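Take a look at the structure below.
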Amino acid sequence: MASTDLLITPVSSKADLKAFVDLPWRLYANDPNWVPPLKSEVYGLLTPGKNPFFDHAEAQYFLARRGNKVVGRISAHFDKLALAQPVEQGMGPGTGNFGLFEAEDAETGAALITAAEGWLKAKGMTRVLGPISLSIWEEPGLLIQGHDHPPTVMMGHNSAAYQPMVEGAGYQPVKQLKTYELDITKNFPPLIERIVASGEKSARITIRKVDKSKFDQEAAIILGILNDAWGKNWGFVPITDAEVAFTGKKLKPLVFEDLIMIAELEGEPVAFMMTLPDLNEALKPLNGSLFPFGWIKLLRWLRKPQVRTMRVPLMGVVQRLQSTRMASQLAFMMIEYIRRNALAHYSATRGEIGWVLDDNQGMNAIADAIESRVNKIYQVYEKTL
């Protein structure tokens with residue numbers, strides 16, 4: 001098909017936005033490992049006034065068409081909080097992003113990326129970091145390894161064909177985000193068991209479940225630890241109170257007290273580990289809609305999930321303890337307690353930890369120590385405009 005038949009236009013109407021949301025259902029119709037998201041959630045993500053990301057960000061969506069057929073989509077966006085971050089941490093002044101990238105073929109992919117770059121350049125951006133869809137806290141990176149099995153809750157999935165498209169547009173790898181999987185039916189190695197047992201004897205250490213009846217207070221504790229623990233990490237962007245409330249509302253049905261642990265040292269909260277039952281196992285049969293009967297199935301599942309996989313999306317230890325034996329001990333204790341609960345109460349057999357930055361030596365060492373293995377890699381790219 002000649003390139004003159006390809007038209008890239010900004011999303012400017014409700015019909016355009018619907019086409020933008022609907023496209024993956026056609027592109028991934030024959031991909032057994034794609035998990036359809038709830039369309040209501042996608043609309044919430046993309047809509048200013050609903051997603052508080054837009055309180056400090058700007059975005060433009062683009063569609064690619066050949067005739068009346070939509071053949072691709074992309075977002076161009078920048079986060080004002082990210083622009084204020086130190087350059088050495090990956091973001092910083094002049095850094096915009098592309099994301100939500102889907103393309104039927106290489107020609108379409110190239111044209112969409114060019115359109116996103118043009119919009120970002122017109123907004124004063126001098127560098128592109130992507131794909132990031134939309135916030136760094138949502139779905140960062142392009143899946144380059146692990147296309148052969150479905151993603152877990154809140155993880156992305158994309159065609160393997162996208163890697164050469166992005167690299168062909170002049171993008172260079174800048175950071176890898178890894179996920180680890182492990183068989184949680186097996187006890188951890190003897191050394192780890194001894195470390196956990198030693199911690200259990202210490203009067204200084206308390207590992208406790210969260211109290212869902214104090215959801216806001218517990219969320220504030222976790223956020224405080226998270227901002228301290230991750231504050232110097234590559235790609236870090238502060239989370240606003242509005243974003244915490246927005247995310248908390250979405251995640252609250254997935255919060256089970258015995259799957260989220262807070263570690264206290266001499267009474268002070270210093271670490272946490274959040275684990276979620278893999279909602280994707282319940283979502284996949286719904287094909288993106290809760291109607292007519294999907295909501296009944298989902299509510300039934302949420303009452304007491306019985307799942308194969310548990311995902312650890314977030315884990316943190318305050319900076320003053322990082323790179324210490326205490327940090328590792330607290331991490332191993334929280335992992336072990338949640339492993340036991342996942343087995344006993346949710347029938348889980350598999351755990352997934354991620355994503356983990358490729359240069360996060362402490363977390364990668366912990367993953368190795370519990371004999372997990374890398375199962376997915378997401379690549380973040382950069383390009384100077």
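Observations, loosely collected:
- Matching entry among Gly199, Gly248, Gly267, Gly231 (being in contact with a strand residue (DSSP E or B) (Cβ under 8 Å, 6 or more places away or on another chain), touching a residue at least 12 places away in the same chain (Cβ under 8 Å) and more than 19 Å from Ile335 (Cβ to Cβ)): Gly267
- Count of the range 185-206 residues, restricted to those that are assigned to a strand (DSSP E or B) and not polar (S, T, N, Q), is 1.
- Looking only at the range 151-184, and only at residues there that are without any contact (Cβ under 8 Å) to a residue 60 or more places away in the chain and in a loop (DSSP other than H, G, I, E, B), the one that is farthest from the chain's Cα centre (by Cα): Ala161
- Being surrounded by 21 or more Cβ atoms within 10 Å (Cβ to Cβ), at pLDDT 95 or above and within 24 Å of the chain's Cα centre (by Cα) is true of Leu129.
- Those residues of the range 367-385 which are assigned to a helix (DSSP H, G or I) and under 20 Å from the mean Cα position of the chain (by Cα), in sequence order: Ala367
- Total residues in the range 217-263, condition crowded, with 17+ Cβ neighbours inside 10 Å, more than 20 Å from the chain's Cα centre (by Cα) and closer than 23 Å to Val356 by Cβ: 2
Quick grid of which residues meet (1) farther than 28 Å from His345 by Cα; (2) at pLDDT below 95:
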residue	(1), (2)
Lys209	no, no
Gln217	no, yes
Asn233	yes, yes
Pro238	yes, yes
Ala242	yes, yes
Lys250	no, yes
Leu259	no, no
Val270	no, no
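- Matching helices (runs of 4 or more DSSP H) fully within the range 264-349 where at least 2 residues are of a type in the set (D, E, K, R) and open to solvent by 10 Å² or more (accessible area, probe 1.4 Å): 294-303, 325-346
- Residue within the range 155-173 that is open to solvent by 50 Å² or more (accessible area, probe 1.4 Å) and either in contact with a His (Cβ under 8 Å, 6 or more places away or on another chain) or at positive phi (or both) present: yes
- Taken together, the residues in the range 310-333 that are of a type in the set (Phe, Trp, Tyr) and modelled with pLDDT under 95 amount to 0.
Results for (1) within 19 Å of the chain's Cα centre (by Cα); (2) hydrophobic (A, V, I, L, M, F, W, C); (3) closer than 30 Å to Asp278 by Cα, shown as yes or no for each residue.
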position: Val11; (1), (2), (3): no, yes, no
position: Asp16; (1), (2), (3): no, no, no
position: Asn33; (1), (2), (3): yes, no, yes
position: Leu38; (1), (2), (3): yes, yes, yes
position: Val42; (1), (2), (3): yes, yes, yes
position: Gly67; (1), (2), (3): no, no, no
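- Matching entry among Glu352, Glu371 (being among the acidic types (Asp, Glu), under 27 Å from Ala161 (Cβ atoms) and touching a residue at least 40 places away in the same chain (Cβ under 8 Å)): Glu352
- Long-range neighbours under 7 Å by Cβ, at least six apart or interchain, first residue free of Cβ contacts under 8 Å to residues at least 60 places away in the same chain within the range 317-331, second open to solvent by 50 Å² or more (accessible area, probe 1.4 Å): none
- Residues that are polar (S, T, N, Q) and over 28 Å from Pro313 (Cβ atoms), drawn from the range 79-138: Thr108, Thr114, Thr126
- Of the strands (runs of 3 or more DSSP E) lying entirely inside the range 1-119, the ones with 2 or more residues being in contact (Cβ under 8 Å) with a residue 60 or more places away in the chain, open to solvent by less than 20 Å² (accessible area, probe 1.4 Å) and out of contact with any Pro (no Cβ under 8 Å at 6 or more places or on another chain) are found at 69-79.
The values are calculated or read from the model by the stated rules, or taken from the named source; none is laboratory data. Everything numeric here is computed off the predicted structure, so don't read it as measured data. Note: ideal-geometry Cβ built from the backbone for every residue, glycine included; neighbour counts use all protein chains shown. The area values use the complete protein model at the heavy-atom level, side chains included, leaving out ligands, DNA and RNA. Shrake-Rupley method; radii C 1.70, N 1.55, O 1.52, S 1.80 Å.
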